[in-house]
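The values are calculated or read from the model by the stated rules, or taken from the named source; none is laboratory data. Here the structure is a predicted model, which is why all the values come from computation and not from measurement. Cβ atoms come from the backbone with ideal geometry, glycine included; neighbour counts cover every protein chain shown. Note: accessible area is taken over every heavy atom of the protein model, side chains too, but ligands, DNA and RNA are not part of it. Shrake-Rupley method; radii C 1.70, N 1.55, O 1.52, S 1.80 Å.
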Amino acid sequence: MTGPARAPRGWLLMLAIGLIALNMRGPLVAVAPVIAQLEDDLGFTPVELGFLTGIPVLCFALAAPLASLAGRKLGPEFAITMTLLGVLFGVVVRSAGGGGLVMLGTVILGVAITIGNIVVPLIIRRDFTPARQGAAMGTYTAALNIGSFLTSMVSAPLAELLGWRPAIAASGLFALAAAAVWAIAVGRRAFIPAAVPASDPGRPAGKLTSRWITAALTLGFAGQAFSYYGVTAWLPSLLADELGMAPAAAGAGSSLFQILAIVGGLGVPLAARFASTTAVGLTLGLLWLTVPLGLLLAPELWWLWSSFGGIAQGGGITLIFLAIIRLARDQASAARMSAVVQGTGYSFGAVAPTLLGYVHGVTGAWTGPLLMILCSVAAFILGTALSLRKVPKPH
C-alpha cells in the first residue's frame, strides 16, 4: 500500500484521477444528443428512451454495495482498472448492435462507473495528504463535469458526420487514455487484486464515525442528487413553458447549470482553507435555494439561477465526498460509508425526473415540482449542517 502522494508521482496520480473522471459521466450523456437517431433507427418508444437514460442512475444506487465490496476485496487500484475496462467494454457493446445491446451496454457502463464512484474517493483518501485531498477531490468533480460537457458538445457533430454508433463509441477513447496513465501512475498494482486491510497502516485510528453522521451525510447527498437530476431533466422544459424559449435557447440554461459545476468543484477546496466546512456547506445551500425560489419568483433571471445552481451542485458533491474521506476511520469504513451515502442518495436521484414529471403532468404547472426541489434542497442544507461540523480541518 502507498502513503501520501508526493510530486512528481502526486501530480501523475492527480492527472490519472482527472482522466478517470472524464469517463465517469461523459459516456452516459453521449446518448442525449443522438436520442432522435436512436429512436428512428432502433424504434425505441419514449418509455424505452426514458428507461435508457435512467439506467445509469439506477445502477449507481443498486450496485453501490457491490462496488464497495469490489473496492475492499480487490483493492482500489485493480477496481479502477475494472472501471476503465468496463467503460470501454460497455461503450463498444452499446454501439455494436440493436436495442437490446444498447440497453446491455448501458447497464455495463452503469455498473462499471458505480465502482469508480465508490473507489476514487478511497484513492484520494489514502494517497494524498489531508492538505491536498481537497485539490484532488476538486479536480475529480470538476473533471466529471468537463467530461459531460465535452461529450455533449461533440456527440451531435460526430453523429452527423459518422452516424450515431461511432459518435457514442468515441467516448471510449477517454477510457484508453485514462487506462494508460493509470497503469503508469500505479504500476503493476493496477493488474493485481489486493484486499484493503482492516485499518490504515501507518495511521493512527480515527474516531469511529457514528451512525447519525452517516445518516446526516446520506440525507444531504439524497437532497443533492434529487435536486441535481430533477433540475437536469426538466429545466429546459420549464424554461420553454414559462418563458416561451426555443429548445436551443432553453438548453442554454441546462448548459450553464452543468458547466458552472466546475467552479463549484474547484472552488470548495479553496474556500475550505479560509472558512469552516459548515460555512462552506451553508453557502452552497443558499446558492442551491436560488434555483427553485428564483424560478418561482423571477424566472426571467434563469441565467443567474442556473449559474448559482451549477456552482452549488458541483461544490455540493465535492464537499460531501470530502466529508466522507475525512470522517471515516480507515479505508474499509470509508468504502462502506460511501456505499451507504451514494447508494441511498442516487436512489432519490433516480426517481426525481419521473416524480417531478408526474407532478407536473397532474397539476399542469411547475409550481409543485419546484416546491419539491425546494424541499430536497432543504434536506441538503440540513444534512450537511448536521454532519460537516464534525469534519476535521486539514493540516
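For the reader, a short list of remarks on this structure follows.
- For Val359, the criteria (1) more than 23 Å from Leu49 (Cβ to Cβ); (2) in a helix (DSSP H, G or I); (3) free of Cβ contacts under 8 Å to residues at least 40 places away in the same chain hold in every case but one, which is (1).
- Selected residue (only one of Trp303, Trp234 is of a type outside the set (A, V, I, L, M), over 25 Å from Tyr346 (Cα atoms) and assigned to a helix (DSSP H, G or I)): Trp303
- Some residue of region 174-190 being of a type in the set (D, E, K, R) and at pLDDT 85 or above: yes
- When Ala5 is tested against (1) at pLDDT below 90; (2) not in a loop (DSSP other than H, G, I, E, B); (3) not charged (D, E, K, R), just one condition goes unmet, and that condition is (2).
- Each residue in region 28-71 was checked for being more than 21 Å from the chain's Cα centre (by Cα), buried (at least 19 other Cβ atoms within 10 Å of the Cβ) and more than 17 Å from Leu104 (Cβ to Cβ), and 1 of them qualify.
- Filter result for Thr354 (polar (S, T, N, Q), farther than 26 Å from Leu49 by Cβ and assigned to a helix (DSSP H, G or I)): no
- When Thr151, Thr139 are checked against the criterion of being in contact with a Leu (Cβ under 8 Å, 6 or more places away or on another chain), among the hydroxyl-bearing types (Ser, Thr, Tyr) and either without any contact (Cβ under 8 Å) to a residue 12 or more places away in the chain or open to solvent by less than 50 Å² (accessible area, probe 1.4 Å) (or both), a single residue qualifies: Thr139.
- In the condition set (1) in contact with a helix residue (DSSP H, G or I) (Cβ under 8 Å, 6 or more places away or on another chain); (2) open to solvent by 10 Å² or more (accessible area, probe 1.4 Å); (3) in contact (Cβ under 8 Å) with a residue 24 or more places away in the chain, Val377 is compliant with all but (2).
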